[in-house]
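This report refers to the structure that appears directly beneath it.
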Amino acid sequence: MDAKTGTFLVTAADDDAAVLTDVDDGQVHTLATNPDVTVGEAIEGRLEPEPPLEVAWRLAAADDRWEISIEESAEAPTTFAREIAAEQAVGELTRRERAGTGEVHVLTVTESETADAVADVLDDTEGLRSRAARLGVARVVVRSEPGVVSVRYLP
């Protein structure tokens, strides 16, 4: 196996080992030891195969590390998000870059399904954190009002 450089999400960790997932290609890498990482942390760095068998990996370099938080906000979606939702059909998802760093994802749902849609979004913590790591951001904020769910990826 060759060394691999990229952005990785810590998807499992205990005292003895950790599992990192490459956020670009989805490849899973089991580390032979835990180099003091925690679930939900993103790492930009380099992995190398652990000798002699090279069936596990080690974190050879960590150029950047950050925690990614996920929260549900009591605030309503922004005017921008509500305008996007008004222009799309129920079930449609729109992704837009934020001014600066990050993205906004706007999902239009039926008013009666809003709470379930928010719960589904929040249940996908690994997916939310993977997208946040790909974008290089540290916060995911979910806002909603009847018929609109907004997911903001923020620095």
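Tabulated values for the structure
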{"quantity": "Flag if L128 is out of contact with any Asp or Glu (no Cβ under 9 Å at 6 or more places or on another chain), not β-branched (V, I, T) and not in a loop (DSSP other than H, G, I, E, B)", "calculated": "yes"}
{"quantity": "Matching option when the condition is closer than 18 Å to R129 by Cβ, at pLDDT 95 or above and not β-branched (V, I, T), among A42, A89", "calculated": "A42"}
{"quantity": "Selected residue [modelled with pLDDT under 95 and more than 23 Å from V10 (Cα to Cα)] from G100, G147", "calculated": "G100"}
{"quantity": "Long-range neighbours under 9 Å by Cβ, at least six apart or interchain, first residue in a loop (DSSP other than H, G, I, E, B) within the range 8-22, second surrounded by 19 or more Cβ atoms within 10 Å (Cβ to Cβ)", "calculated": "A17/L31"}
{"quantity": "Unmet requirement for E48, which otherwise passes all of (1) under 18 Å from the mean Cα position of the chain (by Cα); (2) on the phi < 0 side of the Ramachandran plot", "calculated": "(1)"}
{"quantity": "Hey, R139 within 18 Å of I43 (Cβ to Cβ), in contact with a Phe, Trp or Tyr (Cβ under 8 Å, 6 or more places away or on another chain), modelled with pLDDT of 95 or more and open to solvent by 10 Å² or more (accessible area, probe 1.4 Å) or not", "calculated": "yes"}
{"quantity": "Strands (runs of 3 or more DSSP E) enclosed by the range 42-119 - at least 2 residues per element that are free of Cβ contacts under 8 Å to residues at least 40 places away in the same chain, open to solvent by 60 Å² or more (accessible area, probe 1.4 Å) and not small (G, A, S)", "calculated": "57-67, 93-97"}
{"quantity": "Whichever residue in the range 23-40 is free of Cβ contacts under 8 Å to residues at least 60 places away in the same chain and within 14 Å of the chain's Cα centre (by Cα) and, among such residues, is least open to solvent (accessible area, probe 1.4 Å)", "calculated": "G26"}
{"quantity": "Selected residue (only one of T125, T101 is within 30 Å of D16 (Cβ to Cβ), β-branched (V, I, T) and within 21 Å of the chain's Cα centre (by Cα))", "calculated": "T125"}
{"quantity": "Residue within the range 128-136 that is among the hydrophobic types (A, V, I, L, M, F, W, C), open to solvent by 50 Å² or more (accessible area, probe 1.4 Å) and either closer than 16 Å to F8 by Cα or touching a residue at least 40 places away in the same chain (Cβ under 8 Å) (or both) present", "calculated": "yes"}
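The values are calculated or read from the model by the stated rules, or taken from the named source; none is laboratory data. Predicted model only: the values in this text are computed from it and were never measured. Glycine also receives a Cβ, built like all others from the backbone with ideal geometry; neighbour counts cover every protein chain displayed. Accessible surface areas use protein heavy atoms only, side chains included; no ligands, DNA or RNA. Shrake-Rupley method; radii C 1.70, N 1.55, O 1.52, S 1.80 Å.
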